[in-house]
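We did not get these values from a lab; they are worked out from the coordinates using the rules stated. A quick note: this is a predicted structure, and the numbers were derived from the prediction, not measured. Methodologically, a virtual Cβ is constructed for each residue, glycine included, from the backbone with ideal geometry; neighbour enumeration extends over all protein chains shown.
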Amino acid sequence: MRCLARWMLNALAIVSLLLCIATAILWAVSYRQFIDVGQISTRLDATTYTQHLIRLGSNNGRFLFTRRDLIWPRPVIADNIPNWEKENGWYFTRMPPFDMYYVFPRQPGDHSWHKYIGGIRFRRGLELGGNSSRSMIGFVLFVPHAYVCVALAILPALRARRVLRRWRANRRGLCQKCFYDLKGNVSGVCPECGTAIAGASATYSISA
Ligand SMILES: [Zn+2]
């Protein structure tokens with residue numbers, strides 16, 4: 001059981017390390033390209049047309065995660081969105097990076113607000129349209145690539161430190177668990193913590 005848990009932790013550490021490297025590459029690329037992956041789904045009911053968007057983007061050193069609904073009163077659709085049912089599905093685009101901190105002039109009915117928390121920015125989008133104009137509700141979360149990189153590096157770093165310490169302890173003849181000096185030990189068990197010594201044979205401990 002312990003062995004399985006350790007195996008899973010190591011597997012997770014490797015996945016985390018690979019994601020960390022991928023994030024670092026995206027980070028470097030993000031100053032030259034805005035990479036945008038998302039999914040659009042549309043819904044038409046008796047009174048409204050709704051376009052629902054989920055997206056993950058990478059731009060200028062930040063990830064942005066967006067969820068929003070654009071809602072039109074149904075009579076407007078015929079004029080503005082003739083191909084509404086064709087807008088469903090996944091998309092992937094690459095564009096020049098844009099200024100995420102540009103604040104658009106406030107329109108009537110715009111009740112959006114945003115908050116900065118230690119480099120993370122949360123923007124609540126809330127635009128209330130009228131009988132003939134569009135409404136919008138949703139949010140965008142901006143998270144620096146650096147934060148994601150650091151978070152993904154924690155587990156690999158801890159596992160690497162553990163492996164390194166064990167390897168060093170092994171080389172110096174120390175107990176792998178408590179680092180007690182085992183030179184000259186013949187019992188095959190660490191007298192400090194009771195851990196079986198790797199490589200000690202059972203016959204040796206009996207004959208001692
Ligand atoms: Zn020990």
Full extension between HIS111 and ILE14 adds, at 0.36 nm per residue less the Cα distance, a length in nm of 30.5 nm
Over the chain, cysteine residues that find no other Cys C-beta under 4.7 Å are CYS3, CYS20, CYS149
In degrees, nearest 10, the alpha-carbon axis of helix 145-172 is tilted away from the dominant principal axis of the alpha carbons of the chain by 10 degrees
By Cβ neighbour count within 10 Å, fewest first, CYS193, CYS3, CYS20 rank CYS3, CYS193, CYS20
Note: THR48 to LYS183 extended length (0.36 nm per residue) minus current alpha-carbon separation gives 40.7 nm
With Cα springs under 10 Å, the Gaussian network model of the chain assigns the largest mean-square fluctuation among ILE35, ILE14, ILE197 to ILE197
Among chymotrypsin sites (Phe, Trp or Tyr not before Pro) in the stretch 89-141, those in a DSSP loop whose Cβ has at most 13 other Cβ atoms within 10 Å are PHE98, TYR101, TYR102
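How do GLU87, GLU127 line up, fewest other C-beta atoms within 10 Å first? Please list the in-between numbers first.
On the way: GLU87 13, GLU127 20.
Lowest to highest Cβ neighbour count: GLU87, GLU127.
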Dividing the mean separation of Cα pairs under 8 Å (6+ apart) by the residue count of the chain yields a relative contact order in percent of 19 percent
